[in-house]
1. Leaving ligands, DNA and RNA out of it, work out the accessible area of GLU57 with a 1.4 Å probe and give it in Å² to the nearest 10.
2. For VAL153, what accessible surface area do you get with a 1.4 Å probe? Give it in Å², rounded to 10.
3. Just to confirm, what accessible area per residue do you get for the range 121-176 at 1.4 Å probe, in whole Å²?
4. Sum -39500 (n - 2.57) across every DSSP H segment of at least 4 residues in the chain, then divide by the residue count to get the 222 nm mean residue ellipticity, nearest 500.
5. Using a 1.4 angstrom probe, figure out how much accessible area the range 6-96 has per residue, in square angstrom, rounded to the nearest whole.
6. Under a straight-distance cross-link criterion of Cα-Cα below 21 Å, which lysines are reachable from LYS86, leaving out those fewer than 8 residues away in the same chain?
7. Note down the Stokes-Einstein diffusion coefficient of the chain in µm²/s, whole number, using a Kirkwood radius over alpha carbon pairs, 10 °C, and 1.306 mPa s.
8. Given a Förster distance of 25 Å, report the FRET efficiency between ASP132 and GLU159 from their Cβ-Cβ distance, rounded to the nearest 0.05.
Amino acid sequence: MLELSILGFLAEQPLHGYELKERIKALSGHVRPVSDGALYPALTRLVAAGKLDQHTEPGASAAPRRMLSLTGKGREDLLERLRHPKQAEITDHVRFNTHLAFLRHLPDPHEQAAVLRRRLEFLETPSSFFYDGGRPVRAEESGDIFREGMLRVARATGEAERAWLREAIDRLEQGG
């Protein structure tokens with residue numbers, strides 16, 4: 001997820017490390033904060049792999065800044081990640097949102113629709129936070145006001161997401 005965010009934001013424009021960190025933080029929020037201890041080693045790996053280019057620019061009133069930009073190899077990697085997300089990037093809401101944030105960089109609408117279809121198929125599988133004998137517990141059956149709230153909110157957001165996914169898939173398959 002971190003590398004996808006790095007590649008995705010740098011596909012939009014060159015950035016220095018702090019700006020990149022702030023954009024990733026805004027995208028993933030407090031749910032999955034990015035630390036310097038995770039970001040800078042990831043940047044170093046991507047530079048070493050030839051996926052990012054870096055150069056130093058003078059800072060406005062501080063030390064020189066390390067500017068990062070995407071290379072052709074980095075763009076290819078980004079597109080491959082967007083075409084073929086891992087299952088966790090489909091099933092995990094935060095990871096899927098990260099994927100969704102950069103899916104526009106994938107140039108083929110049919111490939112974009114295929115990713116959305118995978119998410120829709122996942123969301124159409126009955127599930128719950130709670131189970132009784134292997135059967136998903138519905139909000140009305142929970143017997144607990146707090147669990148009922150969790151399940152009702154999840155059902156409403158799931159319904160809204162499925163409706164949007166169907167609409168987006170139709171639009172993409174009809175040419176935008």
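The values are calculated or read from the model by the stated rules, or taken from the named source; none is laboratory data. From a predicted model like this one, the values you see are computed outputs, not experimental measurements. Quick reminder, even Gly has a Cβ in these numbers, built from the backbone with ideal geometry, and neighbours come from all protein chains shown. Accessible surface is based on the protein model in full, side chains and every heavy atom, while ligands, DNA and RNA are left aside. Shrake-Rupley method; radii C 1.70, N 1.55, O 1.52, S 1.80 Å.
1. Here the accessible area works out near 60 Å².
2. Counting only protein heavy atoms, the figure is 90 Å².
3. The answer is 75 Å² per residue.
4. -19500 deg cm²/dmol
5. 55
6. LYS51, LYS73
7. Approximately 86 µm²/s, per Stokes-Einstein.
8. 0.65
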